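For reference, the structure discussed in these notes is given below.
The values are calculated or read from the model by the stated rules, or taken from the named source; none is laboratory data. Since the structure is predicted, the reported quantities are computational estimates derived from the model, not experimental observations. All Cβ positions, glycine included, derive from the backbone under ideal geometry; neighbour counts span all protein chains shown. Only protein heavy atoms, including side chains, enter the accessible area calculation; ligands, DNA and RNA are left aside. Shrake-Rupley method; radii C 1.70, N 1.55, O 1.52, S 1.80 Å.
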Amino acid sequence: MDIKDKITEQPSHYDHLEQMSVAELLQHINDEDLRVAEAVQRAIPQIKALVEAIEPRMKRGGRLFYVGAGTSGRLGVLDASELPPTFGVPDNWVIGVIAGGDKALRHAVEKAEDIAEEGWKDLLAYQPTTDDTVLGIAASGTTPYVVGAVRQARENGLLTGCITSNPHTPLAEAAAYPIETIVGPEFVTGSSRMKSGTAQKMVLNMISTSLMIRLGRVEGNRMVNMQLTNDKLIDRGTRMLQESLGLDYDEARQRLLEAGSVNDCL
């Protein structure tokens with residue numbers, strides 16, 4: 001796919017950004033951000049198909065791997081890392097894999113994303129099975145590390161999906177369940193950490209939250225399996241028990257701390 005064909009590389013709708021006031025910059029960025037939710041909404045049928053394909057595999061013990069580079073990889077790691085404290089699941093249910101390893105979370109790792117074989121090689125360290133799912137994340141849809149990982153995963157019988165901001169990309173072709181969030185050119189030309197990154201975060205939230213609900217980690221609308229890792233979460237859990245069981249605050253808090261989760265008290 002030639003760079004001239006990538007929507008994510010097309011010139012911004014705005015020019016002379018350095019001449020704009022702060023108010024103008026903020027307003028125009030927000031105007032562009034409003035397009036993101038619309039792009040994600042158009043992709044809901046694609047997201048639905050992927051979630052429905054992942055669910056039975058995870059119920060059989062399969063895992064979900066996010067694979068990305070740069071901003072895309074960081075967003076995958078972020079989403080995966082938030083699920084254990086939020087839903088009380090083991091940290092190996094959803095795993096973020098980023099080109100260049102953990103160092104790349106804070107620093108750019110030169111050329112890490114350019115080697116197609118490295119993505120699958122990094123996944124092999126987790127001994128993947130055919131119940132696992134690999135979700136490649138790349139705004140361009142052409143990142144070799146991500147495309148290679150998804151292609152190899154599919155060839156080895158894993159379920160595959162992707163999130164990209166360009167149509168008809170090598171990544172979408174490699175994935176069985178492509179998700180295309182076409183957000184248009186970025187406010188700063190080519191800066192896919194902006195609208196593309198926001199769309200990726202929104203879709204990851206939708207996928208992981210829907211799966212956690214379907215896997216029984218939410219009751220009503222409450223995170224009843226959340227880990228009690230700080231005072232805020234202990235207070236939230238205590239108030240859940242107060243409401244559900246009609247207890248006073250101190251008794252609810254004591255029961256929660258003894259049981260370890262809201263779910264174990266109900």
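With θ taken as phi - 60° and the Karplus curve 6.51 cos²θ - 1.76 cosθ + 1.60 applied, the whole-hertz 3J(HN,Hα) list for the range 157-168 is x, 7, 6, 10, x, 7, 10, 9, 9, 10, x, 6 Hz, x standing for glycine and proline. Each Lys and Arg contributes +1 and each Asp and Glu -1, all at the Cβ; summed about the Cα centre of the chain, the dipole is approximately 560 debye. Note that the chain presents 50 Å² accessible area per residue, ligands and nucleic acids not counted, probe 1.4 Å. Treating each Cα of the chain as an identical point scatterer and summing with the Debye formula, the log10 of I(q)/I(0) at q = 0.08, 0.10, 0.12 Å⁻¹ comes to -0.38, -0.57, -0.77. For Asp250, the accessible surface of its heavy atoms amounts to roughly 120 Å² (probe 1.4 Å, protein chains only, rounded to the nearest 10). Please work out the C-alpha center-to-center distance from the range 18-51 to the range 187-207 and express it in whole Å. Centre-to-centre distance over Cα atoms comes out at 8 Å. Beyond 12 Å, what percent of the Cα pairs of the range 146-194 remain? In whole percent, the long-distance tail amounts to 61. Mean projected area of the convex hull spanned by the Cα atoms of the range 110-262, taken over all viewing directions: 12.4 nm². Less than 5 angstrom separates the built amide H of Ile163 from those of Gly136, Ile137, Ala138, Ile179, all sequence-distant by 5 or more or on a different chain. From the Kirkwood radius over Cα pairs of the range 221-262, Stokes-Einstein at 20 °C and 1.002 mPa s returns a whole-number translational diffusion coefficient of 218 µm²/s. Projecting the Cα atoms of Val218, Pro167, Thr133 onto the dipole axis of the range 113-266, where Lys and Arg carry +1 and Asp and Glu carry -1 at the beta carbon, places Pro167 farthest toward the positive end. Here the accessible area of the chain is 48 percent carbon and sulfur, with a 1.4 angstrom probe and all protein chains present. Cross-link partners for Lys6 among the lysines, with Cα-Cα distance under 27 Å and sequence neighbours closer than 8 places in the same chain left out: Lys48, Lys111, Lys195, Lys201. Counting only DSSP beta bridges with both residues in the chain, the antiparallel share comes to about 5 percent. Between amide H atoms placed 1.01 Å from N, distances below 5 Å from Arg63 occur with Asp132, Thr133, all of them 5 or more places distant or on a separate chain. Taking only the alpha carbons of the range 10-150, we obtain Rg and Dmax values of 17.8, 56 Å in that order. Each label was represented as a point 7 Å from its Cα along the Cα-to-Cβ direction; for His107 and Thr129 these points are 3.8 nm apart. Shape index of the range 46-112: Rg/Rh, with Rg the Cα radius of gyration and Rh the Kirkwood radius from the inverse mean 1/r over Cα pairs, equals 1.03. Each semi-axis of the equivalent ellipsoid for the range 159-241 is √(5λ) with λ an eigenvalue of the Cα gyration tensor; in descending order they amount to 35, 18, 9 Å. Here the Kirkwood formula puts the hydrodynamic radius of the range 83-198 at 14.9 Å, using every distinct Cα pair. A Stokes-Einstein calculation at 10 °C with viscosity 1.306 mPa s, built on the Kirkwood radius of the range 1-84 over Cα pairs, returns a diffusion coefficient of 95 µm²/s.
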